[in-house]
Structures are given as structure tokens and as C-alpha cells.
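Have a look at the structure below, then the notes.
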Amino acid sequence: MPSTSLANGTVNGNADSSPLGGGGERADVVASTVAMLADDKPGVSMMEQLVPEITTHALSYLDYPSLCRLSMTNSLMRKAANDDNAWKALYHKDFTLEQDGIRPVNGWKEYYATTRAIMSVNTEFFSIIRDRSLQEMARLWLNSDYVKCIHASGEYFSGYREVMQSWEFCFNWEQGYDFQVHNVRTRIVSGMAWVTMKAYVNVDAGPFLITNLFEFHNGRWHLVHHHSSVMLNDVVNQQVVVQ
């Protein structure tokens, strides 16, 4: 699973570290694979000669931008690049294998794109904390009376007004933190998505266990629930057991 670098607001996927290099090199690999596996038949393109399984395997070497560019070349490539199995493989490569058993209602391509959008909004949440921007935090949260926020201190706030007051207090009394976020997992159902993760402020302190819940309203994802708690490390757990 990729980790989220909050210093530059990007999500580093596994595809970037592929031994095949950048999108251009991946495209060369696909072209070479097609050339080796297809016979030269007049009037029929090499891609048309390949069975779907081989085509999907060849496309699995492409990253997200390359697959999108391939779909814009011609109708045959668009059909191949929109194959649901290709997007499922890309999702597993860039995000997680944990959701192998689900069947996205609108297919894996849309599920992949929505997951990227959620990851981006979740990264924005931590950037706002780092910058201590109350205005951006207010824009991120859904203005509703049912939103909830539980800070790592254990304090509980309900309703948009109380939640914003809690963040105003945090930003006024605490410094901006540059979190390093790991083990990010996202699940999307209809217009709702929840994200779980571990967030570290520094390597010496234990991580925060964080859950963010988002809802889709008026073309944007809004935060409706935030729960943060401190994860006790093994040493602390052992001390508690002994006592």
C-alpha cells in the first residue's frame, strides 16, 4: 500500500517504483509484448490478434497516466484500455488487494478514479492541519448538524459549529504538524467513503489511528466524521499488563 507524503501533497503509488521505469518505457514493453505474441496477418492489427487475457496482461505494465493516454489513441485501444480487468489489476497494484472480492457497481475504472479522488481529499485534510488553515478546514467539512469529530485527546464534538470551534482551538494553541501517513485503506459505497490510516508526527512517538468518513455532495467530497486516537506501542501495552 502506498504511503502518503504530506510535505508535497502527493500520493506515492507502487507504479512509480516499477522496475519498468516511466510511462514511455512501459509503453515500449507493451509494444514489444504485442509484437512477440501476435502473428503478422494482413488487414488485422496485432492487438486484434491477441486473446483478451494476453491483452490485459500487456496493459498491466502501464500506470494510470499511460493507461489513460492509451485510451485516447483509437477505438481499439480505447476498448482495450477500458477493460474492467485492466483497471482492477491497476487498483490492486496502486492501492490494496484487500478488496479483491468486491464488485463495483460502475466497474473498476470508476472505482479506481473515485479512490484517487478520496486519497487526494484525505491528503488535503492533513495539509490543512499542517498549515493551520481554519478557512480551508471549514470548506472541507460538510456544513451539517450530524457531522462528528473526536480528537486524539478524547474530546467529542457534534455539529458543524462545534466541530469548527474545536479546530479553531487546536490551530490557536498547537503548532502545525507535518504528518507522515501510512497503511491507508479506502472503502467506497455509493456516495460515502471511509479511510483508515496510521499517522506519525515523528519516529519516536507512537502513531495516531485515524478514521475519516466522507460524503459526496454537490460534486465534492466532504468530511463528515473524524476520529483520532493514540496507538499504544508494545512496550506500553506490556507495562499495563504487568501492572
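The values are calculated or read from the model by the stated rules, or taken from the named source; none is laboratory data. Quantities reported herein were computed from a predicted structural model and do not represent experimental measurements. Cβ atoms come from the backbone with ideal geometry, glycine included; neighbour counts cover every protein chain shown.
What to note about this one:
- Of the residues making up the range 92-107, those that are surrounded by fewer than 21 Cβ atoms within 10 Å (Cβ to Cβ) and at pLDDT 85 or above are HIS92, LYS93, ARG103, PRO104, VAL105, ASN106, GLY107.
- Any chance VAL189 is at pLDDT 90 or above, buried (at least 17 other Cβ atoms within 10 Å of the Cβ) and either out of contact with any Cys (no Cβ under 6 Å at 6 or more places or on another chain) or under 21 Å from ALA113 (Cα atoms) (or both): no
- For ALA86, the conditions (1) out of contact with any Leu (no Cβ under 6 Å at 6 or more places or on another chain); (2) farther than 24 Å from PHE208 by Cβ; (3) buried (at least 17 other Cβ atoms within 10 Å of the Cβ) are fulfilled apart from (1).
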